[in-house]
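I have placed the structure first, in the form of structure tokens, so that the comments after it can refer back to it.
The values are calculated or read from the model by the stated rules, or taken from the named source; none is laboratory data. Owing to the predicted nature of the structure, the values given are computational and were not obtained by experimental measurement. Cβ placement follows ideal geometry from the backbone for every residue including glycine, while neighbour counts extend to all protein chains displayed.
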Protein chains: 4
Amino acid sequence: MVSHEIPIRVRYADTDQMGVVYHSRYFEWFEWGRVELMRKLGIPYKTLEEQGVFMPVIEAYCRYRLPARYDDELKVKVMIRECPQAKLKVEYLILKDGGLVGEGYTVHAFLNRQGSPRRPPKNFVTILKKALANAQV
Amino acid sequence: MVSHEIPIRVRYADTDQMGVVYHSRYFEWFEWGRVELMRKLGIPYKTLEEQGVFMPVIEAYCRYRLPARYDDELKVKVMIRECPQAKLKVEYLILKDGGLVGEGYTVHAFLNRQGSPRRPPKNFVTILKKALANAQV
Amino acid sequence: MVSHEIPIRVRYADTDQMGVVYHSRYFEWFEWGRVELMRKLGIPYKTLEEQGVFMPVIEAYCRYRLPARYDDELKVKVMIRECPQAKLKVEYLILKDGGLVGEGYTVHAFLNRQGSPRRPPKNFVTILKKALANAQV
Amino acid sequence: MVSHEIPIRVRYADTDQMGVVYHSRYFEWFEWGRVELMRKLGIPYKTLEEQGVFMPVIEAYCRYRLPARYDDELKVKVMIRECPQAKLKVEYLILKDGGLVGEGYTVHAFLNRQGSPRRPPKNFVTILKKALANAQV
């Protein structure tokens, strides 16, 4: 498993009138974490798009466990467990003081500029395989 | 199954630089449809909150099948298949010209003003049971 | 002045923990109204983009007068008073039961596909001039 | 003038199909910066709300000068120039590599829990006056 953690501060715009974070915002935070994990691995998502590789979300899931509130300092932990064949699965935990606020996953396709499916780029696979192997040691 | 359909127009704010709707927006559309189904049943969500019943999302899932694009006219179809015990499951289809753009579900808890679990309100259950029974005829 | 009015229903996603609509949402509603006024005039914004005309917002202003709350039924009134030279100004009122919830404006540039300034398209100017002339009668 | 600067990374969710940041997002970034300036001054906004002081936005303005793009690293500079009487004005610059991406302001009222206007809290005024005086030296 390769993983990365980023801090998140809950903003007013994230809250709803129940006084907690509106549920769809978690999926934006998942994106923040995912992008930073890819940057850390050395395959920034922006570079992939410049090379003609697009990774749209084709599945998204979240389980909400504890309320996240205004001004909370959260952590998003992002994990990849397996090298993608046709699709990439990314998993997420949202943490507050060690407590589990939410958990979920997204699944991504690999598309070319025309929007047709393509294989994950070679360097992506190579880097991820190596990182997964190192992580197992 | 009780169901309801509402029209949605894709707005510029919904799109991202891939030229499609950003995935987290679907969950907002799910909310729009869910609220209108409840209004149609005669149990507007706003009234529930005024009576001290809160129904936060505790699970959310979406599968993205076809891209939704700027200015598209979509339909959100909302379905409830079962009367809630402790939780309510609501299902959704996003449709474009009959094609399936996306599908998903949300699961809701019932909380009181203090944020503790409570039973679904009686009139909610009564109305929903009756509607489900009528729908089966 | 040419104008158009559309209905808006306040959604849960629009609210914040103050129990009112988060202020940046008004700018999305402005967009909804603006796009529908253009459609009514016969110059849908989507068609403009297909023809290589982009109209990014270069200024945006809103004055918030009355709180908008969950499930409120609002109206967005959109107004254009003048034919654009280099820029188009669009004005907005947000209304609730006749009361003024908010008012604002946006200013738009005209850009080509390369992102350089260009003149407003001829048919846009022709149609708008005619509509403004008819409105004055 | 008291001021503060925070870094912002442009996220995919922020972009629209023009390939730039959708304009209403700037107002969320303004909020992020404003809240961090208040925290730095020693008057966190969350604490104000806990003490029954609410500061809704009653005016918001932004001028967009340069496009902000996906993955850009921006800075939000927040400035307060004057101690509030009935209203607080906060100004903002959005910067990219020293270039001016956008600039704007928000105006805030001071309300009590009932939503009625109230004076700015004494400690808020005291702290801000002192910070403004120190900044002038």
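Among the residues of the range D:1-29, the ones that are within 14 Å of chain C (Cβ to nearest Cβ) and over 24 Å from residue D:82 (Cα atoms) come to 13 in all. Summed over the range C:57-76, the residues that are part of a loop (DSSP other than H, G, I, E, B), away from chain B (no Cβ under 14 Å) and touching a strand residue (DSSP E or B) at 6+ places or on another chain (Cβ under 7 Å) give a count of 2. Among the residues making up the range B:30-46, those that are among the charged types (D, E, K, R) and more than 14 Å from chain A (Cβ to nearest Cβ) are B:36, B:39, B:40.
Among the residues of the range D:107-116, is any over 30 Å from residue C:58 (Cβ atoms), over 17 Å from the mean Cα position of the chain (by Cα), in a strand (DSSP E or B) and touching a residue at least 40 places away in the same chain (Cβ under 8 Å)? Walk me through how you get there before you give the answer.
To start, the set of residues in the range D:107-116 that are over 30 Å from residue C:58 (Cβ atoms) comprises D:110-116.
Filter once more, so that each one left must be over 17 Å from the mean Cα position of the chain (by Cα): D:111-116.
Remaining after also requiring in a strand (DSSP E or B): D:111.
Imposing the further condition that a residue be touching a residue at least 40 places away in the same chain (Cβ under 8 Å) reduces the set to D:111.
Checked the range D:107-116: at least one residue is over 30 Å from residue C:58 (Cβ atoms), over 17 Å from the mean Cα position of the chain (by Cα), in a strand (DSSP E or B) and touching a residue at least 40 places away in the same chain (Cβ under 8 Å).
Among the candidates A:50, A:59, the residue that is at pLDDT 95 or above, more than 13 Å from the chain's Cα centre (by Cα) and of a type in the set (Asp, Glu) is uniquely A:50. Taken over the range D:73-100, the criterion of being surrounded by 18 or more Cβ atoms within 10 Å (Cβ to Cβ) and more than 20 Å from residue D:35 (Cβ to Cβ) is satisfied by D:96 alone.
Only a single item in (1) touching a Lys or Arg at 6+ places or on another chain (Cβ under 8 Å); (2) without any contact (Cβ under 8 Å) to a residue 12 or more places away in the chain is not met by residue C:19, and it is number (2).
Mind checking which residues of the range A:92-129 are of a type in the set (D, E, K, R) and over 14 Å from residue A:79 (Cβ atoms)?
Applying the first criterion (of a type in the set (D, E, K, R)) to the range A:92-129 yields A:96-97, A:103, A:113, A:118-119, A:122, A:129.
A:96, A:97, A:113, A:118, A:119, A:122, A:129 - these are the residues of the range A:92-129 that are of a type in the set (D, E, K, R) and over 14 Å from residue A:79 (Cβ atoms).
Within the range B:52-104, the residues that satisfy the criterion of being among the aromatic types (Phe, Trp, Tyr) and either free of Cβ contacts under 8 Å to residues at least 60 places away in the same chain or closer than 23 Å to residue B:40 by Cα (or both) are B:54, B:61, B:64, B:92. Scanning the range B:22-47 for residues that are closer than 17 Å to residue B:105 by Cβ, in contact (Cβ under 8 Å) with a residue 12 or more places away in the chain and not in a helix (DSSP H, G or I) turns up just one, B:23.
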